[in-house]
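Only one structure is covered here, and it is reproduced in the block below.
The values are calculated or read from the model by the stated rules, or taken from the named source; none is laboratory data. The shown structure was predicted, so the numbers you read here are calculated from the model rather than taken from an experiment. Neighbour counts run over all protein chains shown; Cβ positions are idealised from the backbone, glycine included.
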Amino acid sequence: MKALAVNGSPRQNGNTALLLQTVLNELSARGIETELFQLGGHPVSGCRACMGCRQRQNRRCVIEQDIINECIAKMVAADAIIIGSPTYFANVTTEIKALMDRAGYVAMANGRMLARKIGAAVVVHRRGGAVPVFDALNRFFLISGMIVPGATYWNFAVGRNPGEVAEDVEGLANMRHLAETVAWLLECTRNQR
Ligand SMILES: Cc1cc2nc3c(=O)[nH]c(=O)nc-3n(C[C@H](O)[C@H](O)[C@H](O)COP(=O)(O)O)c2cc1C
């Protein structure tokens with residue numbers, strides 16, 4: 001079983017990465033294969049609404065010049081997908097928006113290829129605005145037919161400068177609890193996807 005974490009922050013070693021790594025460490029300790037994919041900071045294009053993915057149906061977006069297709073392929077290979085985004089003006093980052101639009105459309109064009117995978121959102125904010133980010137990511141998982149696990153609180157934590165989120169003890173505990181539920185769900189749904 002494999003869990004993929006996608007970091008949508010342009011800061012590869014920032015707070016989002018720290019939260020995602022906390023989830024992955026807990027999953028890894030439970031024998032689950034893990035990978036952290038750095039999406040943030042790479043130039044990405046938005047969906048062109050060309051419908052090329054519907055025509056080709058090859059599990060890829062027609063835009064080949066950026067790393068979104070690499071990310072889509074890793075999502076297809078994973079059993080659990082954890083997407084992390086910092087809060088940018090109460091929204092996801094540009095990179096995550098491009099991923100949701102393009103991976104979401106490619107998935108629909110290819111037999112709902114993300115359905116029944118586990119999807120979890122992880123969000124960082126400095127002060128406010130994490131809820132709409134969490135909401136946008138969960139809506140992406142739900143429209144894709146994915147299974148969304150809960151934790152003890154909603155999956156966000158507080159921090160501004162890189163590493164600051166480590167001081168949010170309750171936020172970090174939530175990430176470990178999220179991982180426990182993801183691991184439990186992975187075990188329950190083994191051989192079902
Ligand atoms: C362009 C931009 C917009 C931001 N907007 C918000 C915001 O709306 N609310 C908030 O609490 N923090 C906001 N922040 C702060 C980041 O969410 C915060 O620094 C976070 O820890 C960054 O995560 P990272 O270290 O993974 O990049 C913003 C930061 C940037 C660069």
Among the candidates VAL131, VAL182, residue that is at pLDDT 95 or above and out of contact with any helix residue (DSSP H, G or I) (no Cβ under 9 Å at 6 or more places or on another chain)
VAL131
Considering only region 71-101, state which residues are among the charged types (D, E, K, R) and either touching a Cys at 6+ places or on another chain (Cβ under 7 Å) or farther than 24 Å from ARG54 by Cβ (or both).
ASP79, ASP101
Residues of region 37-58 being of a type in the set (A, V, I, L, M) and within 30 Å of GLN21 (Cα to Cα), in sequence order, are LEU39, VAL44
Is it the case that VAL182 is hydrophobic (A, V, I, L, M, F, W, C) and under 16 Å from ILE32 (Cα atoms)?
yes
Any idea how many residues of region 98-126 are surrounded by fewer than 19 Cβ atoms within 10 Å (Cβ to Cβ) and closer than 18 Å to ARG11 by Cα?
1
Considering residues of region 95-137 that are in contact with a Lys or Arg (Cβ under 7 Å, 6 or more places away or on another chain) and touching a residue at least 60 places away in the same chain (Cβ under 8 Å) only, the residue farthest from LEU20 (Cα to Cα):
ARG116
Kindly indicate which of VAL123, VAL148, VAL158 is within 9 Å of the ligand (Cβ to nearest atom), on the phi < 0 side of the Ramachandran plot and within 13 Å of the chain's Cα centre (by Cα).
VAL123
Residues of region 30-71 being aliphatic (A, V, I, L, M), in contact with a strand residue (DSSP E or B) (Cβ under 7 Å, 6 or more places away or on another chain) and more than 16 Å from the ligand (Cβ to nearest atom), in sequence order, are ILE32
Out of the residues in region 26-57 meeting the condition of being under 22 Å from ALA130 (Cβ atoms) and free of Cβ contacts under 8 Å to residues at least 40 places away in the same chain, tell me which one is surrounded by the fewest Cβ atoms within 10 Å (Cβ to Cβ).
LEU36
Mind listing whichever residues of region 7-29 are within 19 Å of PRO43 (Cβ to Cβ) and more than 8 Å from the ligand (Cβ to nearest atom)?
GLY8, GLN12
For region 157-166, state whether one or more residues are over 20 Å from LEU36 (Cβ atoms), loosely packed, with under 15 Cβ neighbours inside 10 Å and either modelled with pLDDT under 95 or in contact with a Phe, Trp or Tyr (Cβ under 6 Å, 6 or more places away or on another chain) (or both).
no
